[in-house]
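Undergrad: There's a structure below that I have some questions on.
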Amino acid sequence: MTRVSLSQLYTLGRHLLKNREGSDYKVFEIPTKFLYKELPIRFSQCIKGLHMGITPYAVHKLPTFRKFMMNLNNDFEKIVNLTPPQSEATDKAFMEALRKIGSYHYSNLSTINQGLRELSQAIDNNDPDIVPSYLLPQGKPNMLSASSPAIQDTGSLKWLDNQKSFELFDIKPSNVATFMNNNPTFQYAEARTQKFFDWFYSMCLGSQLLIQDHLSIRDLSKSYVQKISPLNIVHNAVNDARRIAAKHYGIEPPEVTVVSPNPNISTVYIPELLYCIVFELLKNSLRATIEFNQSGNQPISRKFPPLKIIVAEGVEDLTFKVSDEGGGMPASKVAELWSYTHQQSMPYDHASITSPSETADPFKEPDFGSSTDYPMFGFGVGLPTARLIARYFGGDLDVVSMEGYGSDFYLHLQRSGNVAECTPDLSQLTLQSSSSSVSDLIDSLELD
């Protein structure tokens, strides 16, 4: 796998657009051949990763992930069955295949989000087809968690091996030295799942970027990676998020103040990805502010406290701070905010809302306005994915929260654009999960 950086894509795009007179094939010959070789590598690694058991959950058995694997297989076969693009005719055939892949690749990414909601439901329901035996209530003891002591009401000591211990020994949570969600077995399963989806999402995101960048230059005569005004994107995201909140709650949402020491800030980035991150942060902050400041089912009489966004540039970083007075969260819950397996489910019947069309995906915001068709939550990219997008080219997304008051989200982007795609090698993930595979084997044995 060959990793690219934003500055490379931006420079290449400007060069190709400047020299595209004459035959498209000759101008685009080198990047086209690169895609022809690179995309099958990325597709095949995604397929392989889904089957390797990096996460302890059987995600490949979930309906949406089965559909996703079929799409990846089709994408892979479309490319490898083509003749290498070495002439105008073969280049034309490759571009037709690339357009077909690109036309539904956005919906592939939203398919992952739907799959994560299915995974969360399977975990909550202890589905034995998806959840490994040692994580089920009736599961066998697992060696990784055999050293967690718990104290019974009688005062005697018992060793907490798995969920079954709670029922067997009637242990109250207040007497558990290591709580259920801090059980080493569950912690390890969560860590492996988190690493897998960080890798899987980044692989899919990288493939999407390469495809959309090439199609944008060749078909739309504009670069996918652009020199942008971050403040313009922030204002667009604010307007759309407030419209969504007004539609969802039926009230005037909190005001959002945007502040920047330099109103003429510019940077090189992908505008729709920055929009996705800021839009997701605003949706969450608006929702928290409205629901925290309600009295019962009726909004309080005073105006909602406003949100505040600060955009500042430094030598290395471009930083966004989104502040709200939405009640915050306890420190113990912050980790769940970034968990792929703690996806927010819809609080009402799916049939009662208008689902977004297959082509209107939260990853695709070319007009920065179509996202207002989405419900307040349940269909967005989600905070874990927003953080992954930020980290993909060397940035980061973090939160500082004060329970009982509010939260501050910090989005950092690298200004240089020289950071290559931050995607770990598949071999690294398989090595990290090898010890767990031994544990899984032990758990599957019937002990006398």
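Undergrad: Report the local net charge at S401: Lys and Arg +1, Asp and Glu -1, summed over other residues whose C-beta lies under 14 Å from its C-beta.
TA: With Lys, Arg at +1 and Asp, Glu at -1, the neighbours total -4.
Undergrad: For N71 and T257, what does the FRET efficiency come to when R0 = 30 Å and r is the distance between their Cβ atoms, rounded to the nearest 0.05?
TA: Once rounded, the FRET efficiency stands at 0.10.
Undergrad: Taking the Cβ of G115 as the centre, find all other residues whose Cβ is under 10 Å away and add up their charges (Lys, Arg: +1; Asp, Glu: -1).
TA: +2
Undergrad: Which order do the peptides 244-255, 54-65, 385-396 take when ranked by the mean count of other beta-carbon atoms within 10 Å per residue, highest first?
TA: 385-396, 54-65, 244-255
Undergrad: Still on this model: Under the 0.36 nm per residue contour assumption, what length would be gained going from the current alpha-carbon distance of N418 and K222 to full extension?
TA: 68.5 nm
Undergrad: Cβ under 13 Å from T267's Cβ, T267 left aside: what net charge do those residues give with Lys, Arg +1 and Asp, Glu -1?
TA: -1
Undergrad: Continuing with this model, one more query. Gain in length, K18 to V315, computed as 0.36 nm per residue apart minus the alpha-carbon separation, to one decimal in nm?
TA: Roughly 104.0 nm would be gained on extension.
We did not get these values from a lab; they are worked out from the coordinates using the rules stated. Source: prediction; values computed, not measured. Ideal geometry is used to build each Cβ from the backbone, glycine not excepted, and the neighbour counts take in all protein chains shown.
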